[in-house]
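Report on the structure given below.
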Amino acid sequence: MSEKCFCCNSKTECKHGEEENEPKFKYQRLNNDLKTILNADAVTCTAVHSKFLILGTFRGRVYLLDHQGNSIDSKLSKSGRHTHQVAVNKIDVDPKGEYVATCSDDGKVNITGLFSSSIDQTLDLQKCIKVVALDPNPKSCIDRFIVGDEKLVLYNRKILPGFVTKELCVVEGSVLSICWHLNLVAWASHLGVHVFDLNEECSLGLIKWEVPPHTRLENFDCHLRWENENKLLIGWVDTIRICIIRRRNAIEASSRNLPDYVVDPISTFQTSFYVCGLAPLTSSQLVVLGFIKEKSASHKALRPVLCVIEYKLNSSEELCTDSLNLRGYEDYTVKDYSLGCIIEENLYYIVAPKDIVVASLIETDDRVEWLIKHSKYKEAIEVVTKHGGSMPILTIAKLKNKDVFELIRCYELYNVLSKFIVPLIELDREQAFKILLDKNKIQPEVVVHQLEGKQEYLYWYLDCLLNIDSNNEFQHKLVFLYAKYNRDKLLPFLRRSNKYVIQKALAICDKEKFNEERVYLLGCMGEAAKALNIIIHDMKNIQVAIEFCKDHKDNDLWSLLIDESINKPEIVTTLLDGIMDYVNPEVVVRKIKLGQKIPNLRKSVVKLLCHYNLQKELLSSTHLIQLKDYFDTSSEIIVVQRRGFQITYDQPCTKCCSAIHTKNAAQNVVAGFKCGHIYHNSCSLSHCPYCKECRIWDSDETEKLHM
């Protein structure tokens, strides 16, 4: 069991290492006019109705309030015959909320119409009256009521003014409590709890109660409540008993002269506290107000508790227990507390002499708020998904907890991500991109649109997207983003991609003075001369300029480079070294002015001459090798072509299609071509030097054969 702390400043304690359970209730303290009343008086009893709340006080006054603690103008608010001289002991209201009965130790019982005085009645019984109950039947509530003292008496209004009294039961001691429902009256005495059947005019039985040690039953209020027409809840001292009213079976009914119905306890269990009130929550759960048996270190009373108990056959389990910080609790006794309820609305009124707090079942939004506060995000989404509520999933979950990514995947919340892309990235970029880069979960255009205002986030996203989709339609944005956040990736991107507008890319690079990128883009645009000028004048890198000219293989670029470099003696030798095999060095040498001092020119010229000598020797050797290879190959071809090839007798002439071998000796001379076609000599037409089928020249490919 764990206990929770709520808005009424309730104190909670949890067992060491035990996880805190989800609460059942939220609390609201009543103020407004009630606060003014309690500053000068104290509550002794209450009656809770779905329309209002009625208080009886220590000074004998009776107040009608709404559920927020505001006074309602009625006859009860006026002094006079509707008040008592001493503390009010009991208040009861009819089901329609039109009449109220009160009693007191001044001996008076007042029956008052809240908004009409036609049936107002005051009985002066000249003795202490502890309990009174109106008939719960709306049709007869003003005509019948029960008063309890040393007898249980039914008062029935006559046609003439006055009442007819009927003694229902003789009481052992005095009547301590009454709860009337339909035709059944439950009441408590010093011996236990009785149930009286008004229809059969007999008692259905006595439920004896164990007397607590070192005290008496009458020192504790007996709390009775009908859950329905045949189920009675009893809480007294530290014991709770659940009873049902059932019809006797045939065997029971035939054995003796007994009433048709019997009171049958179905569950009895003890609590760790004294019971100050109880009410149903579900068919197997109770809400119980408890007074802690132990005292504080200063021998003061401890805070009262509101407990939810689930009961079974003679056993129970406390599901949750809230320790309540009510005003003045240290000075109260067990009889100072009471619990009222509006069962239909699940509202429970915790009443103390100087305070009233309303406990209500937490709603969906309250549950979600508590789950979020305790980092139970998965459970929070389950509640919202199942029960709805005003708190959308998007709110959760805004909480910037890394568990949200697992929740998104678990509940497939991809359709609600669009408005929370930036917070997700701020929370955990790596996990966010695992989701955002999946096109099946969310489209790139949605992500890009949301990240337009966060350029760095957009750079991160598009950079990752490029790795998995090199043809995505948004990569043109990377020109600006790489220029701003990661220049090292810009030039490789420009070389690799064709999904950007070169003119726009050049404008960005011009603005940022990215010379390498400008050179590349100008080269792609056919503006090689401008690119070379940037290399020479802005980059001042003759080696890059030489390589640029080599790549473009343009004599005009070489001329431009030579003209720009010749007036800079320090780079002339570098130029001479670089143009070997591409430009005639004589062009450079001729442009050197007479008397111009060129550093390391001698060394460069010697190197140039050596290079050309080496090239000359290499070319000569290569030429000799080529000639030898040519003649060797030609000889091999001639030998192969001069070889004979076999012709069989059954091969036909390609032209006349008759057999090559015939009796006519003149036709036994044949012409065979290397392509494989064979002709009679007379068919081949000797003046045609090639095969008519393959056009192979006779001089190269034919042989005359005599068969």
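The values are calculated or read from the model by the stated rules, or taken from the named source; none is laboratory data. Computed from a prediction, not measured in an experiment: that's the story for all the values here. Cβ: placed from backbone, ideal geometry, glycine included. Neighbour counts: every protein chain shown. When the accessible area is computed, the model is the full protein with side chains, heavy atoms only, and any ligands, DNA or RNA have been set aside. Shrake-Rupley method; radii C 1.70, N 1.55, O 1.52, S 1.80 Å.
Results, tabulated for the structure shown:
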| item | result |
| --- | --- |
| Percent accessible area from carbon and sulfur atoms, region 443-504, protein chains only, probe 1.4 Å | 46 percent |
| Residues with amide H under 5 Å from that of S177, placed H, sequence gap 5 or more | A188 |
| Residue (of N249, I292, L281) at the positive-pole extreme of region 199-301, dipole from beta-carbon charges | I292 |
| 11 Å beta-carbon shell around V193, net charge (K/R +1, D/E -1) | +2 |
| Residues T364 and K439, FRET efficiency given R0 of 30 Å [Cβ-Cβ distance, rounded to 0.05] | 0.30 |
| Residue-wise HN-Hα coupling along region 651-657, computed from phi with Karplus coefficients 6.51, -1.76, 1.60 (Hz; x: Gly, Pro) | 6, x, 6, 5, 8, 8, 6 |
| Cross-link reach list, aspartates and glutamates versus K499, counting only Cα pairs under 18 Å and skipping chain neighbours closer than eight places | E445, D463, D469, E473, E517 |
| About the Cα centre, charge dipole magnitude for region 294-367 (Lys/Arg +1, Asp/Glu -1 at Cβ), debye | 420 debye |
| Whether region 109-217 is rounded, prolate or oblate, judged on the alpha carbon gyration tensor where a/c under 1.5 counts as rounded | prolate |
| Highest to lowest packing among 200-213, 601-614, scored as the average C-beta count within 10 Å | 200-213, 601-614 |
| Ranked order, I637, I468 - accessible area, probe 1.4 Å, largest first | I468, I637 |
| Sequence-distant residues sharing a close amide H with Q651 (under 5 Å, placed H) | I660 |
| Gyration tensor verdict on region 402-503 (Cα atoms; rounded if a/c is under 1.5, prolate if a/b is larger than b/c, oblate otherwise) | prolate |
| Options F420, I72, V131, ranked by Cα towards positive dipole end of the chain, top entry (Cβ charges) | F420 |
| Residues E617 and K540, FRET efficiency given R0 of 35 Å [Cβ-Cβ distance, rounded to 0.05] | 0.40 |
| Segments 641-651, 304-314 sorted - mean Cβ within 10 Å per residue, highest first | 304-314, 641-651 |
| Calculated FRET value between D510 and H449, using beta carbons and R₀ = 30 Å, to 0.05 | 0.55 |
| Computed over the chain, Cα set: Rg, Dmax in Å | 54.8, 169 |
| Extension gain from S140 to L125, taking 0.36 nm per residue of separation minus the Cα-Cα distance | 3.2 nm |
| Spin-label model distance (nm) - N471 vs N31, 7 Å beyond Cα toward Cβ | 6.8 nm |
| Unit charges at the beta carbon, dipole of region 128-188: most positive-side option, N156, I146, L168 | N156 |
| Net lengthening on full extension, T165/E310 (0.36 nm per residue, minus Cα-Cα) | 48.0 nm |
| Summed residue charge, Cβ within 15 Å of T573's Cβ, Lys/Arg positive, Asp/Glu negative | +4 |
| 13 Å beta-carbon shell around K354, net charge (K/R +1, D/E -1) | -2 |
| D66, D355, D33, ranked by accessible area, largest first (probe 1.4 Å) | D33, D66, D355 |
| Cα gyration tensor category, rounded, prolate or oblate, for region 263-382 with a/c compared to 1.5 | oblate |
| Label-point separation, N555 to S50 (7 Å along Cα→Cβ), nm | 10.7 nm |
| Per residue solvent-accessible surface (Å²) - region 453-607, probe of 1.4 Å | 57 Å² |
| Solvent-accessible ranking of Y27, Y582, largest area first, probe 1.4 Å | Y582, Y27 |
| Dipole in debye (nearest 20) - the chain, about Cα centre, beta carbon charges: Lys, Arg +1; Asp, Glu -1 | 1740 debye |
